[in-house]
Amino acid sequence: MVGSVKFNLDSSPDSPISIHSDCDTFTSLSNSLEQYSSTENLSGNISPSRNSSLEINSSFPRIIPSPVHLPDSAELYSGGSSLSKDANRDHSMKNTLQELENVLMCDAYEDELTTSGNKWLQISTQRSKDWSWESLQRSHVIQPQPYLASRNLRLGAGVDAEKRHRATETSYQEIVQTDVKQLLIKCARALNEKRTDYFMRLVQHTRGVVSISGEPIQRLGAYMLEGLVARKEASGTNIYRALKCREPESQDLLSYMQILYEICPYLKFGYMAANGAIAEAFRTEDRVHIIDFHIAQGTQWLTLIQALAARPSGPPHVRITGIDDAVSKYARGGSLESVGKKFAAISQKLKIPVEFHAVPVFAADVTRDMLDVRAGEAVAVNFNLQLHHTPDESVDVNNPRDALLRVLKSLSPKVVTLVEQESNTNTTPFLTRFVETLNFYSAMFESIDVTLPRDRKDRIRVEQHCLARDIVNIIACEGKERVERHELLGKWKSRFMMAGFQPYPLSSYVNSVIRDFLRSYSEHYTLVEKDGAMLLGSKARNLISASAWH
């Protein structure tokens, strides 16, 4: 995996995630999330460039789904015409309108697909080798629905035009909210049942009602649909790797992650919860050792080091062991040594001794000897959106996930902090996993919609670079190739307790600080305290859990 690998993906011209990339790196979504979430740079160098997407104020058009393809027998009348008084024509029109309603409300998809299959466009198996945002935008600019306009004009001369328009818009919104999910689930079920022809026709139809610039469910649907196509073509692994390997151009990727960090509280929530628990465990210790299983840029620890330096009793001696795979250096702009330089600078500035020890390996390959734990140190271990990448017994008979926890237990840490997505995608069957992913990311895309205008190009890129690749991996990959294997808090609790850990309740003070912090975001965010842990959610869906163990 550390060698140079070139991915030349064959993807459909209208795929929202098809790319052609040369890369020599494999990394994870949580890698990117942490690596680009910095809001503070000691030297003042980490900031969007003048051409950064943070400064883009584009006017990307709002997209309306394409029309449903109707049988040739559907008789449409030109605008302004009145209904015929002829009884037969009146009866025919009623049938036509009813047929339109059935198609729009998805009551007869399978019948339409079966009887009118020859009228559906077939998906091309020739995948495009060249990809750009311009071609992507062209492929997803869906035209308005002309037959809806014609239908409105036929409803009667006595009806006010503005009322007809509002009625159409309301009907459209209801269709988007209720039917896109059902269409996606139909696609997944057809693929799961190996009904290939039906699946391909459904995919073609669904492409007309999803859009990377539409409603949250339409945007998510575009990526989930590509995940299904990738699963069928067994290309999910290549797409996932290439999306993660694509080298950032100047400060662009940093800008996308910075945007996500600022508009959504998920990363900040994880940092605050973990740092609060570690600060509490270290409050009287003179020598402390933080083992971070995903050091990224080391951003998380800057505020904790500042807090330790300001202790009334004086600062402790701090050691930080940073673990990260050896092939993700592009995400930092350099090797792990660049993180050490950052810590050296803050050590000098705050007059606090800080040592950094780099461990450039994958988390599952870490051994006790690599961690260099010394006598007299208080140890804290941090897993921030990372532990779910380590395979468990369903993938490897040696169960690296639980084995890693047992290794950590032998270190007798003062605290182990865990931040994870609150989703059940590890061992669930494909169709159940698809629906779970649909529900989880629906809430996440809706939360992005609250704070980032829909007509900004950077929102599209934030969702593609930060979220789409995980979606593809969950849907399209299996076995060892599926590395996004999330579990619910209850399952993590069972794993930790089986390894010999006990809950370390998060402090009420930290909880209150996080509650105050959430008030600066949307009122739709929720914070639930459960068994000493915290669950951050959006509306009725829990999305991120934070817990601590000792």
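Computed quantities for the displayed model
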quantity	calculated
Prolate/oblate/rounded label for region 473-550 (Cα gyration tensor, a/c 1.5)	oblate
Likely footprinting exposure, Leu411, Leu336, fewest C-beta neighbours within 10 Å first	Leu411, Leu336
Length gained when the stretch Met497-Val397 is fully extended (0.36 nm per residue, less Cα-Cα span)	34.0 nm
Protection proxy ranking of 193-202, 458-467, 367-376, 507-516 - average other beta-carbon atoms within 10 Å, highest first	458-467, 193-202, 507-516, 367-376
Spin-label pair Ser412/Ser313, simplified geometry with 7 Å Cα→Cβ offset, distance in nm	1.8 nm
³J(HN,Hα), Karplus 6.51/-1.76/1.60, whole Hz, each residue of region 442-459, x for Gly, Pro	4, 5, 5, 5, 5, 5, 5, 4, 5, 10, 10, x, 5, 8, 9, 5, 5, 5
Potential lengthening between Asp372 and Val450 on full extension [0.36 nm per residue; Cα-Cα distance subtracted]	23.5 nm
For region 348-443: relative contact order, % (alpha-carbon pairs under 8 angstrom, 6 or more apart)	27 percent
Across Lys414/Lys491; Lys349/Lys414; Lys351/Lys491; Lys349/Lys493; Lys194/Lys539; Lys268/Lys491, pairs whose alpha-carbon gap is larger than 31 Å	Lys351/Lys491; Lys349/Lys493; Lys194/Lys539
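Values quoted throughout were computed directly from the atomic coordinates according to the rules given, and no laboratory measurement underlies them. Note that the structure is predicted; figures quoted are calculated from it, not measured. We place every Cβ from the backbone using ideal geometry, glycine too, and count neighbours over all the protein chains shown.
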